[in-house]
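S.K.: The structure follows.
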Amino acid sequence: MRNSRLLLRSGLTLAAAAALPTALAGPSAAASGISVSTTGSTVSVVTSSCSLSNGSWGNASLLGSRQANFAQGRQAALSGTTISQSAAWSGVSPGTYTVVVVCSNGVTAGSQSVIVSSPAAPTTSSTSSAAPAAPSRGVMGGIGGAARDYGPLTLGIGAALVTSGVVATAWFLRRRSKPYRL
């Protein structure tokens, strides 16, 4: 009886530990359905999350650091096909921006931060030794893994690996806690 209670208790703990990575990974998979890139002073966004409604795919907005909502940013209409929709802004000054995409049905496809850096100044002398340029703004510490959108398959595989590690650890510790028998 004592062993069955211990087994039940460890099984519940193991189930909770196994469910934790999946619960934590779930919202991240749906956090951003967009891909943002910069080339010089041009910022572009691509998504496949929107569908055509009333002749429109939706809108994208480029928000500066002092802008708080979608309406305050530089808006651009999405254009494209059923496979991919995109929007772009040119002449964007250096700084940190947030791109938000809202489909024509009112659903937010995603948001992502991007840094637009200033263009490098050309060197005038070919004999001078150029020192490597240091990053102007460092890394975006708060963005973590959100710089790249991982799909549900990748997150599912990661959750399965974590779960198998938890199961193996619980099995090993359970085997070690039994008294040695001949």
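The values are calculated or read from the model by the stated rules, or taken from the named source; none is laboratory data. It should be emphasised that the depicted structure is a prediction, and the values quoted were computed from it without experimental measurement. FYI the Cβ positions are ideal-geometry reconstructions off the backbone, even for glycines, and counts take in every protein chain you see. Only protein heavy atoms, including side chains, enter the accessible area calculation; ligands, DNA and RNA are left aside. Shrake-Rupley method; radii C 1.70, N 1.55, O 1.52, S 1.80 Å.
S.K.: Pick from region 55-68 the residues that are open to solvent by less than 80 Å² (accessible area, probe 1.4 Å) and at pLDDT below 90: which of them is nearest to TYR97 (Cα to Cα)?
M.R.: GLY64
S.K.: Could you please find all residues in region 79-99 being under 21 Å from the mean Cα position of the chain (by Cα) and either aliphatic (A, V, I, L, M) or open to solvent by 80 Å² or more (accessible area, probe 1.4 Å) (or both)?
M.R.: ILE83, ALA87, ALA88, VAL99
S.K.: Among the candidates ASN54, ASN69, single out the residue that is over 17 Å from ILE34 (Cα atoms) and out of contact with any strand residue (DSSP E or B) (no Cβ under 9 Å at 6 or more places or on another chain).
M.R.: Of the residues listed, the single one that is over 17 Å from ILE34 (Cα atoms) and out of contact with any strand residue (DSSP E or B) (no Cβ under 9 Å at 6 or more places or on another chain) is ASN54.
Rundown of residues vs (1) within 24 Å of PRO152 (Cβ to Cβ); (2) assigned to a strand (DSSP E or B), yes/no style:
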| residue | (1), (2) |
| --- | --- |
| SER35 | yes, yes |
| THR38 | no, yes |
| ASN59 | no, yes |
| ARG66 | no, no |
| ALA76 | no, yes |
| THR96 | no, yes |
| VAL99 | yes, yes |
| ALA109 | yes, yes |
